1. How high is the FRET efficiency from Thr63 to Leu8, r the C-beta distance, R0 30 Å, rounded to 0.05?
2. Lone cysteines in the chain, defined as no other cysteine's Cβ under 4.7 Å from theirs: which are they?
3. Equivalent ellipsoid semi-axes for the chain, as square roots of 5 times the alpha carbon gyration tensor eigenvalues: give them largest first, rounded to whole Å.
4. Over segment 72-146, consider all pairs of different Cα atoms and compute the Kirkwood hydrodynamic radius from their mean reciprocal separation; express it in Å, one decimal.
5. Quick one: which residues, 5+ away or cross-chain, put their amide H under 5 Å from the amide H of Tyr73? H built at 1.01 Å from N.
6. Would you mind giving the average projected area, over all directions, of the Cα convex hull of segment 41-92 in nm² with one decimal?
7. Just to be sure I understand: of the beta bridges DSSP finds with both ends in segment 18-146, what percent are antiparallel, rounded to 5?
8. Only helical DSSP H runs with n ≥ 4 go in: add -39500 (n - 2.57) per run for the chain, normalise by residue count and round the 222 nm mean residue ellipticity to 500 deg cm²/dmol.
Amino acid sequence: MKLTGRCLCGRVGFEVDGWVSQIQACHAERCRRATGGLFAPEIAASADGFRWVGDEGGVASYTAPILHEPPAYRRNFCKTCGSPLPVLLEGAGMVVLHAGLLDDCSGLQVFRHAFVDQRSACCQIDDDAPQFPGQPPVPGAGDIVP
């Protein structure tokens with residue numbers, strides 16, 4: 001599947017050509033604070049098919065302290081507008097991006113909820129997608145969009 005996306009100001013964009021997962025709704029406190037949303041709509045994609053488009057120099061990173069165990073929590077964002085940007089998961093062969101950045105997200109849907117034990121008190125989960133109290137397993141073949 002080929003996906004394209006960009007930040008709010010358009011300075012930094014990206015393309016993904018290859019496998020991508022469906023959308024994971026992450027309710028972890030760090031993900032909520034990093035995105036400003038009630039949950040982070042995350043998509044895992046093949047790092048091999050990922051590339052930056054536009055001004056890659058516009059990408060800034062923040063690495064938070066490790067709370068329990070490695071790897072560290074890292075977020076990329078646009079230096080101009082602050083939009084969250086994709087992050088390469090070192091050694092995993094995957095990149096994580098947010099569904100709200102995509103130019104077209106047709107064919108994608110929430111397939112699970114992660115870290116529901118940390119969800120905001122005002123966030124109601126109204127779908128039938130599986131819920132995980134903490135970190136769920138790596139997306140499997142049935143969670144991948146061809």
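1. Details: r = 22 Å, r/R0 = 0.75.
My answer for the efficiency is 0.85.
2. For the chain, the answer is Cys105, Cys122, Cys123, because their Cβ atoms have no other cysteine Cβ under 4.7 Å.
3. On the way: eigenvalues 101, 68, 46 Å².
In descending order the semi-axes read 22, 18, 15 Å.
4. Values: mean 1/r = 0.0676 Å⁻¹.
Computed over segment 72-146, the radius equals 14.8 Å.
5. Ala64
6. Values: hull surface 18.1 nm².
Its Cα hull, projected and averaged over all orientations, spans 4.5 nm².
7. Details: 22 of 27 bridges.
Looking only at bridges with both residues in segment 18-146, the antiparallel portion is about 80 percent.
8. Values: 1 runs with 7 residues, N = 146.
Calculated mean residue ellipticity at 222 nm is -1000 deg cm²/dmol.
Since every read-out is calculated from the coordinates, none of them should be taken as a lab result. Treat the numbers as computed from the prediction; the structure is a model and nothing was measured. Using ideal geometry, Cβ is built from the backbone for each residue, glycine included, and neighbour counts are taken over all protein chains shown.
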